[in-house]
Amino acid sequence: MTASAPLVTVIVPGRDIGGFAPAALDSLLAQTERRWQAILVDDGSTDDTGEIFAAAAASDRRFRALTHAASRGLGAARNAALDLVDTPLVGFLDGDDELTPTALERLSGTLAETGSDLVAGAYVRSRFDGERYLPGRVQPWVAAATSPARMGTTILEHPAASANIVAWSKMSRTELWRDVRFPEGVAYEDQIVAQLLYTRARAFDVIPDTVVRWRLRADGTSITQGRAQLRVVRDYLAALRGGIRVLHEAGARAAVVARLELILAMDLPPLLDIAATHPDPEYSGVVASFVADIEALPEFGDAHPDPALAAALAW
């Protein structure tokens with residue numbers, strides 16, 4: 001590989017995120033590591049997202065734009081780009097989020113130093129204060145997954161890493177994706193994939209650096225803000241089940257316990273609150289079925305959730 005050859009492909013999917021896409025692309029252009037290329041996937045947008053992506057590709061040859069005429073979902077958008085990756089490393093950035101300036105340098109540099117298959121960094125949420133989006137603090141479960149730095153570890157040695165389940169906080173060797181793709185047609189498509197990467201990597205690294213600012217949209221249209229919808233909560237709970245199943249089948253018992261502790265502390269309480277007043281009785285039935293499933297797990301008795309973690313959701 002020559003000095004100027006691309007080192008990492010960053011996959012940037014988006015649908016109807018024209019108001020945020022320029023900031024995401026600017027965060028790529030501001031990277032201290034310049035050996036990147038990006039595949040921008042417009043997933044059937046009805047706003048100007050496609051035009052923004054096309055203009056970026058026309059102005060900088062490191063950008064390549066793909067267009068889905070109709071929305072196929074985030075998983076399908078990422079998969080379409082994965083099929084085109086021709087660099088040693090691959091990473092992700094959702095089109096409404098932003099990379100921190102040294103993100104690609106720190107992630108790729110860590111992999112170069114250790115030879116691991118995967119590296120995960122910390123991230124923060126950006127919330128709208130009425131005028132602009134401001135980044136918050138690294139949340140405690142993210143810090144537990146990424147700090148202190150650990151090089152060449154495994155999910156058996158570092159079970160708390162299983163809390164870092166988003167696609168866009170990581171960089172990996174492209175070969176790790178040889179037989180891994182995102183589920184399509186569902187929300188929360190990255191949770192199962194994250195656990196697959198942790199369990200299949202020969203070794204992975206974690207670093208405490210904040211690499212992404214994740215935008216919590218002020219208009220409430222983020223997927224994570226739609227859990228009162230029956231369709232969304234079904235996908236959400238299926239993703240939680242699937243991630244636990246991957247860890248369980250890999251024999252990562254402590255990681256299963258760690259996931260259960262977070263689910264009991266942070267995921268379930270708001271869902272139970274919604275279920276208590278939801279007009280559709282099927283919603284409470286779906287949540288109750290999930291509770292029964294996790295209570296039946298052999299690891300459930302070892303899970304001791306920290307009730308104080310729920311307060312961190314407001315950060």
Fill in the blank from the handout: Relative contact order of segment 39-123 (C-alpha contacts under 8 Å, at least 6 apart) in percent is 25
Exercise for the section: Only residues of segment 69-95 count here: report those whose backbone N is under 20 Å from the spot 7 Å along Cα→Cβ of Ala218, or say none. Expected result: 95
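Over segment 1-63, with every protein chain in place, what whole percent of the accessible area is carbon and sulfur at 1.4 Å, could you tell me? Intermediate results must be reported in sequence, preceding the final value.
Details: 1420 of 2670 Å².
Heavy-atom surface of segment 1-63 belonging to carbon and sulfur, 1.4 Å probe: 53 percent.
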Problem - Rough spin-label spacing in nm, given labels placed 7 Å along Cα→Cβ, for Arg241 and Leu84 - result: 3.5
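Please list the helices of the chain that count as membrane-span-like by this rule: a mean Kyte-Doolittle hydropathy of at least -0.5 together with Cα atoms stretching 27 Å or more along the helix axis, each helix being a complete DSSP H run. Before the final figure, lay out the partial values.
Details: long enough: 230-249 (28 Å, 0.28).
Once both thresholds are applied, what remains is 230-249.
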Fill in the blank from the handout: Longest the chain segment clear of trypsin sites (Lys or Arg not before Pro) sitting in DSSP loops (not H, G, I, E or B) with at most 13 other Cβ atoms within 10 Å runs 203-315
Problem - Residue with peak Gaussian network fluctuation, the chain [Cα springs, cutoff 10 Å], from Tyr188, Tyr236, Tyr133 - result: Tyr133
Handout entry: Accessible carbon and sulfur surface of segment 166-222 relative to its total accessible area, %, 1.4 Å
Key = 47
Fill in the blank from the handout: the chain accessible area per residue, 1.4 Å probe, protein heavy atoms, integer Å², reads 42
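Given a Förster distance of 41 angstrom, what is the FRET efficiency for Arg178 paired with Arg132, based on the Cβ-Cβ distance and rounded to 0.05? Intermediate values should be presented prior to the final figure.
Details: r = 42 Å, r/R0 = 1.01.
Rounded to the nearest 0.05, the efficiency is 0.50.
Semi-axes, largest first, in whole Å: what does sqrt of 5 times each Cα gyration tensor eigenvalue give for segment 85-200?
Values: eigenvalues 104, 61, 48 Å².
Each semi-axis is √(5λ); the values are 23, 17, 15 Å.
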Problem - Surface/4 of the Cα convex hull for the chain, nm² - result: 16.0
Fill in the blank from the handout: Note on the chain, DSSP bridge orientation, antiparallel percent to nearest 5 equals 35
Fill in the blank from the handout: Counting only protein heavy atoms with a 1.4 Å probe and every protein chain in place, the carbon and sulfur fraction of the accessible surface of segment 69-128 in whole percent equals 49
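The values are calculated or read from the model by the stated rules, or taken from the named source; none is laboratory data. If you're wondering where the values come from, they're calculated on a predicted model, not measured in any experiment. Cβ atoms come from the backbone with ideal geometry, glycine included; neighbour counts cover every protein chain shown. Note: areas computed on protein heavy atoms with side chains; ligands, DNA, RNA excluded. Shrake-Rupley method; radii C 1.70, N 1.55, O 1.52, S 1.80 Å.
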